[in-house]
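The values are calculated or read from the model by the stated rules, or taken from the named source; none is laboratory data. What you are looking at is a predicted structure, and each value in this text was computed from that prediction instead of being measured. Cβ placement follows ideal geometry from the backbone for every residue including glycine, while neighbour counts extend to all protein chains displayed.
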Amino acid sequence: MNDQPIIIADDDADDSEYMRTALISVFGQDKQVIQVPNGRELLALAKSPTFRPELIIIDMQMPFISGTDILCKLRDQQHLKQVPLVIMSGDKYNLELAYRAGADGFYSKPTSPEGYLEVAIDIRTQYYR
Amino acid sequence: MLEQHSIGTEANFLRNTGESGQLILQYDWDNSSLGPLSQWPSSLRTTLGIVLHSAFPMFLFWGPDNICFYNDAYRPSLGLPGKHPAIGKPAIEVWPEIWEMTAALINEVYLTGNALWFENKLIPIERNGRLEDVYWTFSHSPVYGDNGTIAGVLVTSLETTPTVIAQQKIKETVLKRTRELEQANASISQANAYLQDIINSFKQPLQVLVPVYEGGEIVDFRFKLTNQAYASYANTTPDAISGSRVSEIFPGYLKTTSFTNVARTFLSGETDTWMIHYDQDGLDLYNEMTAIKMGDEVILHFADYTKLKYLEFELLNKITELENSNQNLEAFAHAASHDLKEPVRKIQMFANILQGQLGDKLSEQNRMTFSKIISAAERMGKLIDDLLQYSQFSLLPPLMEPVDLNENVRQVIEDLEVRIQESNASLILKELPVINGYKRQLYQMFQNLISNSLKYRDPATPLNIEISAAPCTENGINYHQLEVRDNGLGFEQQFAENIFQLFTRLQHTSMQAGSGIGLSTVKRVVDNHKGIVRAESQPGNGALFKIFLPNSAPNVEVSHF
C-alpha cells in the first residue's frame, strides 16, 4: 500500500462527502482523498503523467461525460493501466454496462451512512490485499 | 291434219300450220265479221302466215271485233281443254275475266302505234276450270292493214309461270334461309352477350388470349375475350379492346411475367400460378395470376390483392411505428425511473441520518413514524428498481453466449439467500441445461420467478420451490422446457395471461403486493430469447411457470441430459 490518493468523481456533493467520510473512517485520518465534481476535471487531472492514484471511484451519471465514457478514456492512458476503476450508480442494473465498459468494480449507491461504510470496507478488501 | 288437196291457193299460207291452221280452215267464216277466208285482206294472210308458222307462241287480235287467232305454240297457254278452241271468236268472249285490261292494252297500241312490253306480268286467267295465276312475258305490237291503218294487234307471248314460280320459290328459300341465318346469328350474339354478362359479373379480371407470332416466336398476345373487371384497368370496355394486341393497351406488360409466364404456359401447356407486382404503365398492382392453356388460347385470370398489400405495408409501418414508440416509451420509462431513483434514495439516506442524529431524543411514536417514512421510501426504491430492470433491455444490446443455467440459478439463490431464509423456503434444483442466451437476462428471469414464489407464499405452509428442465418439441421446434413450481397461494387460471402484463397485481389480502413488474420482466426475457412462457395455477394449489426456450444447439443439450 502506498500513499497515493483515492479519487472520487461525483457531481452529487452529498454522495461524494459520505463516500469520503466512509473512506477516511476505513483508511484512517491521513488518507488522501481527492474529490472532483465531474468527468472533465477528472480527465484534466489524469492527463498529468505523475498522476498515480491508488483507485478511482466514478459516478455513472455525471454532467458532460458519462461514467462509462470516462472509463474508456482513462483506460487509454498508459500510466493508469494498473489503477482500479470502480463505478458507482444509483441504478443497480448498470452493473453489466459498467463491467462491459471495463470497470474493475461496481457498487450500487447506498441509502445510509452505514451503506457507505460497507462499500469502503469492501474496497479495502478487494483492492488492498 | 290439214289435207294438202283440200287447200286452195288462197289458203296456201295455212300449209303446215298444224291444228291451228286446220281450225281456221274448218271455221265457218261466212257468218263472221271477217267474211269468207278467200276475201281476207292480204295483210291478214301475211300476218297469219308468220304467226302460224312461228314456233314462238303468238296471238293475233284482228279487226274491230278483235277476232282471235293463235298458233300451236300458243295453244297450251289456253289450258286443257280450257279456252281452246278460241279461233274466230271475238276477244271479249274468250277473255271476259281480263277484258278490261286486255282492251286497254289493245286500245293503247291502236292509239299510239307503239309496241308494249311486259315481263313476267301476272295476268290471272280462267283455265282448266279455275282462275289461275299465270305469268307472262309479252309484247303487243301493231299490225297494219291493206289500207295502211292499224288493223290488228300481234301478241308474242311466253308464259313464264314455271320460271316465275321457280324464281319465287328460290326467293322464298333465300328469304327463309336468310331469316334462319339472322336468327342463328342473333342466337350467337345472344349467347355471346350472355357469356359476356356472366364473365362481367366476376370481380376477378379475366382474359382469353391468342398468341401473336413473328418469325416463329410469340411476340405478343391478342385479346379474344375479356371481362369488365379486366377492361376497367384500362378505363375501357371488353368490346373496345377485343382483337387488340395486349401491348397496345399495356405496353409495359411485355417486360413482366404477365407476358413471359403466359407465353411459357402456352408453349408448355402447363397451368401456372404466380405472384406479380405490376409496376408498369403507371400501375402499381399486386396480383396472383393464373394461366391455363385451352386449345389455341390461354385463359388468364388474376386476383388483385393490391389493397391487401397496401394494408400490409400500412400495418408494417404501424408495427415499426409502434416498436419505435415502445422503444421511446421504454427509454422514457428508464430515464424517468432513473431520475426518480436519486431523490428517493436521498429521502432514505437523510431519513436514516436524521433518525441517527436525533437518537435518544425520539419517542417510541417518533421512531414508528420514522420507520414508516423509511419503509415507504424503500418500497418506492424497489418499485423504481423493478422499472429500471424492465426497461434496461432497450438500452443495452445484449450478447448471446452459452449460459449454464445451473450456475445461473445458483447465483440467484445466493443473492436471494436472506429472503429465502426469512421465508423458510426450501429449494429443489434439478439438472438444468446449458443454453445459448443472454446471461444477465436469464439471471433476472430466475430472480423474478423465485422472488414471485417467495412473495406469494402461503403463510400456513412451508414453501417449496422446484426448478427443473426437460427437452420438448412443439410445432416442430425443439425447446428446453424449464419449470418453476411452488406450493404457494397460486391464482385463478383465468389470470394466467394477465399476470405477465406490466403493473398487473392479483389480489392477495394477507400479502403485501409486489410492483407488478417482475413477471413482465420474465416475459420480456423469454420474448428476447424467442421463447414462450405459460403459467398454470389454481388458488391454493401453488403456481407452475413453464418456460420454453428454443434449443438451437441440440449437442449442448445432449451432453447435459
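The figures follow:
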item	result
Top-ranked residue of the stretch A:95-129 - restricted to ones that are more than 30 Å from A:T50 (Cα to Cα) and modelled with pLDDT under 85, ranked as farthest from the other protein chains (Cβ to nearest Cβ)	A:L95
Failed item in (1) of a type outside the set (D, E, K, R); (2) touching a strand residue (DSSP E or B) at 6+ places or on another chain (Cβ under 6 Å); (3) within 24 Å of B:K341 (Cα to Cα), with A:S112 passing the rest	(2)
Residues located in the stretch B:241-253, provided they are surrounded by 14 or more Cβ atoms within 10 Å (Cβ to Cβ) and either touching a helix residue (DSSP H, G or I) at 6+ places or on another chain (Cβ under 9 Å) or among the β-branched types (V, I, T) (or both)	B:I241, B:V246, B:S247, B:I249, B:F250, B:Y253
Flag if B:G152 is touching a strand residue (DSSP E or B) at 6+ places or on another chain (Cβ under 7 Å), among the small types (G, A, S) and in contact (Cβ under 8 Å) with a residue 40 or more places away in the chain	yes
Near pairs, Cβ below 8 angstrom, 6+ apart or cross-chain, from the stretch B:364-391 (farther than 24 Å from B:K523 by Cβ and touching a residue at least 24 places away in the same chain (Cβ under 8 Å)) to any residue that is among the hydrophobic types (A, V, I, L, M, F, W, C) and assigned to a helix (DSSP H, G or I)	B:I373/B:I347; B:I373/B:A351; B:I374/B:A351; B:A377/B:V344; B:A377/B:I347; B:A377/B:A351
Test result for B:V109, under 22 Å from B:T149 (Cα atoms) and touching a strand residue (DSSP E or B) at 6+ places or on another chain (Cβ under 8 Å)	yes
Output for the stretch B:46-93, where each listed residue is in a helix (DSSP H, G or I) and under 17 Å from B:L34 (Cα atoms)	B:T46, B:T47, B:L48, B:G49, B:A91, B:I92, B:E93
Some residue of the stretch B:29-49 being under 26 Å from B:T161 (Cα atoms), among the hydroxyl-bearing types (S, T, Y) and in contact (Cβ under 8 Å) with a residue 12 or more places away in the chain	no
Where B:E342 falls short, out of the listed (1) at pLDDT below 90; (2) surrounded by 15 or more Cβ atoms within 10 Å (Cβ to Cβ); (3) assigned to a loop (DSSP other than H, G, I, E, B)	(3)
Extreme residue, farthest from the other protein chains (Cβ to nearest Cβ), among residues of the stretch B:318-363 that are without any contact (Cβ under 8 Å) to a residue 40 or more places away in the chain and hydroxyl-bearing (S, T, Y)	B:T320
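Okay, residues lined up against (1) in contact (Cβ under 8 Å) with a residue 40 or more places away in the chain; (2) among the aliphatic types (A, V, I, L, M); (3) within 14 Å of chain B (Cβ to nearest Cβ):
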| residue | (1), (2), (3) |
| --- | --- |
| A:R52 | yes, no, no |
| A:I56 | yes, yes, no |
| A:M60 | no, yes, yes |
| A:Y93 | no, no, yes |
